[in-house]
Amino acid sequence: MTTSDPKESSSDPSEMEVVSTDPELRIGVFPCKCGKNIGAVVDVDELAEYSKTLPGVVFVQVNTYTCADPGQREIQEAITEHGLNRVVVVSCSPTMHEDTFRKTVREAGLNPYLCIMANVREHVSWVHQHDPAAATQKAKDLVAMSVAKAATLEAQPELDVPVTQAALVVGAGVAGMQAALDLADAGFKVNLVEKEPTIGGIMAILDKVFPQNDCSICILGPKMVDVAKHPNINLITLAEVETISGYVGNFAVRVKQRARYVDIDTCTSCGDCVEVCPVDVPSRTDQSLTWQKAIQIPFPQAVPSSYFIDPDACLGMDLIRCGKCIDRCEQKAIVPSDRDKYIDFEVGVIILATGFSPADPRKIPRLGWGRYPNVITTLEFERLINAAGPTEGSLVRPSDLVKPKSVAIAQCVGSRSKDTRMACSNFCCAESVKCALLVKEHYPDTEVTIYYQDLRMHGKYFEDQYLKAREEGVKFVRGRVGEIQQYPDTKNLRVSVEDTTHNKLLMIDYDLVILSMGAEGRSGNFPIPISCTEDSFYIESHPKLRPVDTSSAGVFICGGAESPKDIRDSVIQASAAAGRAAIILQKGRYPIEALSAKIMQDLCNRCGTCVSRCPYGAISQDGTGKFTVMGALCQACGTCAGDCPKDAIYMPNFTSQQIEAQIEIALREKPEDKIVAFACAFCSYRGSDLAGVSRMQYPTNARVIRAMCSGRYSPRFAQKAFELGAGAVLYSGCHLPADCHFQTGNHWMAKREPRIRGWMKRNNVSEDRFRIEWVSAGEGKKWQTIMSEMANVVEEHKTSLPAPKKATKKAKAKPKPKSKTMKAKPKSKTKPRPKSGTIKKSASKKKKASSKK
Amino acid sequence: MTDQADTNRTQELEELREAARPCFQCGICASSCPVFRVTPEMNPRVAVDSIIASGEISEDGTEWLCAYCLMCDQRCPMGVSLAEILLGIKNIAAKEGKAPTEFTQTLETLADDGCLSPISSRSEKKRVELGLPDLPRPDPVIIQKMLEATSAADVLKINKAALEEASE
């Protein structure tokens, strides 16, 4: 990894103009109507008038679409004309357009970090559509909070880092192969890592591929050879990524490669070893429909074209236990001394093409798979009808190896159900129609019926295939199969299904039933955290405009790892990911996040807590005992600052001062009504945005404060909010244990809970007013639920007032030192005033002093 | 019918409609239903469909055939509780005096005797012969109290009145 610190070296003043030293604060506020998206709910003109009254604001301009070209130009003109040195754009979520507006202000000569957004679309107009008055009030608060934060923003240097011109592609299915080939052809070194002994993925075991029904391995085989022979591709099979460290442009990767026990270069795949191997294991390629040996090759076209030994099945590679293959191999290709090994390399970008798993039919016992031999999955069907499969291409019933006279195909197995996966699997309709056509091709007189719920033949040429199936006499019945029963003697199957177009129950006997299996996600266990949906598929940076990017810079996704998709879509997405990755690789340098923590030496008591908090090892102690942060390693999560007992760590853009200013503004009026919600930028804030995008309505109490990571939420923030009389406080982060984008920030935040609860107990704040929640970027619904529940808590708490009386009563009974803070609290609750910050500080100081006694 | 009863009915229907909304008419419930297998009129999917589509319950009273075996609940891919919805429909119908006579008669028997299947003198004799202790006597008063508390007694009255009206 790079040892030089780009963030340190950029102190060169010529690189940028320092604007923040301006003595006078000149803030420009730009409320956006977003057509009717904001304008129809929030009174934007009133909002603009209100903005003018805020301290430091010298210019306000309303726009219908601020993000469009004229809107951006107006911001730039206003910066020059009115000498603005801070910009607040009041529009949508910063995850959507923060980059856009930062670029806009940069072009006008303002440091991009002096531009901030107030989110009145996802957090206001889209979620409070039925209460314009309260929505406008909330919007005002959000603008005031952003203006208060803007007042203390500081310019940050913009930096770029060198990029290692090599890529890591994880997974060598059709998507991973395509991405690797594209990047390799563009001239970049590619490390292609595959878990299995061969590349090819699921496509390699299919027979025909829709909609043209061409032979799968015939089109995939040559591509697999291309991958193996490409001078720019370093193919690593039987391997998984163990650790990744670093950042975009400079990832250090460690791959663990399992022992193969066969030398790839000397093995000629003659197959002599198989003849002598005494161990039979179920064949993975053939879906356990047949047997193979402990020394095996997945299929004849496998790449690398070499056998391998399954160490779990092998009796032992020495002459005492077995060693027959060693004896037999004329090439001396078998290497019993082979061991697992680690391979280290550096790359600039990562493409994840880890694919999906076929859905597990055992999860749906009513369909009888596993109990009834003649109920098979689509993958088993592929092997049965494949010329290289266990029956050499003749389709027979597994129970008696007889040709089936009637076949039923059941759709939506493993998808569109709460028991498996709620979403549609995208490919299984076309897959079923293909299976039907293949059966008809083999046995024209066999009856085929497809039981579908909604036939989704949406792709190019798919409709032709559907038409062809109808012409061939395939029956289509609308209704999902309820259950399958077996006749014990004949092993025929009785399918119960309702023909929903005729409201009629059908109970029909079939020789063979094919379950059209959906897909299950298997993303999420990768060494660097990338957000996943609830069903374990990676989440893209933007569902429409950045479909192959992830929230981590330099990491891209494609193929089945992103969502279930067919071959054509996988290849399209793989090329897209390769193209996006090539942009970073080709330039050679990449601009990075300029933010990094700084330790204020005069406050630091050198306890060293921060060192243990930093997941990147960016904080170190020098010879004099001084702690410093290495900027290039720091990812600006702020976990160190969240736990610093002296508040001695300065987190640019998310300073304690800024966050506390936001809390104060949020609780200026009727604090008992408000929920102060902290949301981390990667998961929870995006989750709250999703609630907005999905128009999930919830009460208007919440005032969301965004931080990079939940690790930043110091217990002080909750205390401050409660001292100011907040109705409730929410700390929300990425899911435990492994979703945090900064590795461990959420763990450290969770550990603060007892401290906060302890403080609340001592200060008579009821338990239910503070919550820690884990909300992922895919859980808009959860955000809505939490907001509604917390609004109820706030409401209950309000009606159970007068709480202050209770507090003072109890306080009298309690020992002296605490009563002071008690009295301070009800005061702030009934009479919130702008200066309360200073009062509270003194109060908390007293408390600290007294607690020391 | 009073206004209050009317609003209650609308509200109950609305609740049923909300519960039925996720249904996407796949037919797994119908193909799993043991009653539908022998009685083609009783289709749980169609019962739910009419609530979603028109916000009304069908007037043919097929919901009383539901055996409440919960197979549909168990298998519904969208987690719609069909048996509960059918129970809701039964409740609404019963409050309007539309409960089938078999059900009202059963309830009356229960209210009068405190049990549904009275102890026969033959089994009592047999118990004496075998030296078994006497069976506990059901107490109709307790049952009646329960019926009052759950307002089942009112529903029973409504249905009896409706029955008399019909016979006249």
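Across region A:654-811, the fraction of Cα-Cα pairs farther apart than 18 Å, rounded to a whole number, is 56%. Compute the Kirkwood hydrodynamic radius of region B:41-168, taking the inverse of the mean of 1/r over all pairs of distinct Cα atoms, and give it in Å to one decimal. About 17.4 Å, per the Kirkwood formula over Cα pairs. Where only DSSP H runs of four or more residues are counted, the protein assembly as shown gives -11000 deg cm²/dmol as its mean residue ellipticity at 222 nm, each run worth -39500 (n - 2.57). Against the longest alpha carbon principal axis of chain A, how many degrees, from 0 to 90 and to the nearest 10, is the axis of helix A:174-185 turned? Approximately 70 degrees, to the nearest ten. Quick one: what does P(r) look like for region A:543-672 with 5 Å bins over all Cα pairs, in whole %? Bin by bin from 0 Å, the calculated values are 2, 9, 14, 13, 10, 10, 11, 11, 9, 6, 3, 1, 0. Simple point charges give the picture: +1 on the Cβ of Lys and Arg, -1 on the Cβ of Asp and Glu, and for the protein assembly as shown a dipole about the Cα centre of about 5860 debye. Highest mean packing first, where packing is the average number of other Cβ atoms within 10 Å per residue, the peptides A:642-655, A:346-359, B:68-81 line up as A:346-359, A:642-655, B:68-81. Please say if region A:313-388 is rounded, prolate or oblate, where rounded means a/c under 1.5 for a ≥ b ≥ c the square roots of the C-alpha gyration tensor eigenvalues, and otherwise the choice is prolate for a/b larger than b/c and oblate otherwise? Oblate, because a/c is 1.5 or more while a/b does not exceed b/c. Descending by average beta-carbon neighbour count within 10 Å, the peptides B:20-33, A:688-701 line up as B:20-33, A:688-701, the highest first.
Mind pulling the angle between the C-alpha long axis of helix A:803-813 and the longest principal axis of chain A? Nearest 10 degrees, somewhere in 0 to 90. Rounded to the nearest ten degrees, it is 70. For the segment B:14-25, counting C-beta atoms of other chains within 10 Å of every residue's C-beta and taking the mean gives 1. For region A:251-387, just say rounded, prolate or oblate: build the C-alpha gyration tensor, square-root its eigenvalues into a ≥ b ≥ c, call rounded for a/c under 1.5, and beyond that prolate if a/b exceeds b/c, oblate if not. Oblate, since a/c reaches 1.5 and b/c is not below a/b. On the basis of the beta-carbon distance and an R0 of 45 Å, A:ASP312 and A:CYS218 show a calculated FRET efficiency of 0.85.
Quick check: the distance between the Cα centres of region B:123-168 and region A:548-564, to the nearest angstrom? Using only Cα atoms, the two centres lie 66 Å from each other. Its relative contact order, with pairs defined as Cα atoms under 8 Å and 6+ residues apart, puts chain A at 11 percent. Between the Cα long axis of helix A:132-151 and the first principal axis of chain A there is an angle of about 80°, rounded to the nearest 10.
Note on chain B: with a GNM built from Cα contacts shorter than 10 Å, the maximum mean-square fluctuation among B:LEU86, B:LEU13, B:LEU135 falls on B:LEU135. Of the two radii for region A:360-517, the radius of gyration is 0.93 times the Kirkwood radius, both from the alpha carbons; that is the Rg over Rh value. Charge tally for A:ALA648 (other residues, Cβ to Cβ under 15 Å; Lys, Arg +1; Asp, Glu -1): +4. Can you give the percent of C-alpha pairs in region A:232-308 whose distance is more than 15 Å? Pairs farther apart than 15 Å: 66 percent. Semi-axes of the equivalent ellipsoid of region B:101-167 are 32, 14, 6 Å, computed as sqrt(5λ) over the eigenvalues of the C-alpha gyration tensor in descending order. In region A:601-679, Rg over Rh equals 1.08, where Rg is the alpha-carbon radius of gyration and Rh the Kirkwood radius from pairwise Cα distances. Run the paramagnetic zone check for A:SER288: 7 angstrom along Cα to Cβ, then residues of region A:361-402 with backbone nitrogen under 11 Å. Residues A:361-362, A:370-371 fall inside that zone.
Modelled label positions at A:SER245 and A:GLN129, each set 7 Å beyond Cα in the direction of Cβ, lie 5.0 nm from each other. Quick one: check the C-alpha center-to-center distance for region A:644-690 versus region A:238-303, whole angstrom. Spelled out, the Cα-based centre of one part sits 51 Å from the other. Could you tally the net charge around A:ALA252, taking each other residue with its Cβ under 10 Å from the Cβ of A:ALA252, Lys/Arg +1 and Asp/Glu -1? Overall, the nearby charge balance is -1.
When the square roots of the Cα gyration tensor eigenvalues are ordered a ≥ b ≥ c, the ratio a/c for region A:46-88 is 1.5 or more and a/b does not exceed b/c, which makes its shape oblate.
Whole angstrom only: what separates the Cα centroid of region A:312-382 from the Cα centroid of region B:40-105? Cα centroid of region A:312-382 versus Cα centroid of region B:40-105: 51 Å apart.
Given a Förster distance of 45 angstrom, what is the FRET efficiency for B:VAL141 paired with A:LYS798, based on the Cβ-Cβ distance and rounded to 0.05? Taking R0 as 45 Å, the efficiency between B:VAL141 and A:LYS798 is 0.45. Shielding by partners for peptide B:45-57, expressed as the average number of C-beta atoms from other protein chains within 10 Å of each residue's C-beta, is 1. Springs join every pair of Cα atoms under 10 Å in this Gaussian network model of chain B, and among B:THR104, B:THR150, B:THR62 the largest mean-square fluctuation is at B:THR150. Backbone amide hydrogens, once placed in the peptide plane, bring A:VAL704 within less than 5 Å of A:ALA677, excluding anything fewer than 5 places away on its chain.
On a per residue basis, the convex hull of the C-alpha atoms belonging to chain A measures out at 215 Å³. Peptide A:449-458 has a mean shielding of 1, counted as Cβ atoms of other protein chains within 10 Å of each residue's Cβ. Can you give the FRET efficiency for B:GLU12 and A:LYS670, using 1/(1 + (r/R0)^6), R0 = 30 Å, r = Cβ-Cβ distance, to the nearest 0.05? The value I calculate is 0.20. Between amide H atoms placed 1.01 Å from N, distances below 5 Å from A:ALA118 occur with A:VAL89, A:VAL90, A:SER91, all of them 5 or more places distant or on a separate chain.
Any read-out appearing in this document is the output of simple, stated calculations on the displayed coordinates, not a laboratory observation. Source: prediction; values computed, not measured. Neighbour counts are summed over all protein chains in view; Cβ atoms, including those assigned to glycine, are modelled from backbone coordinates with ideal geometry.
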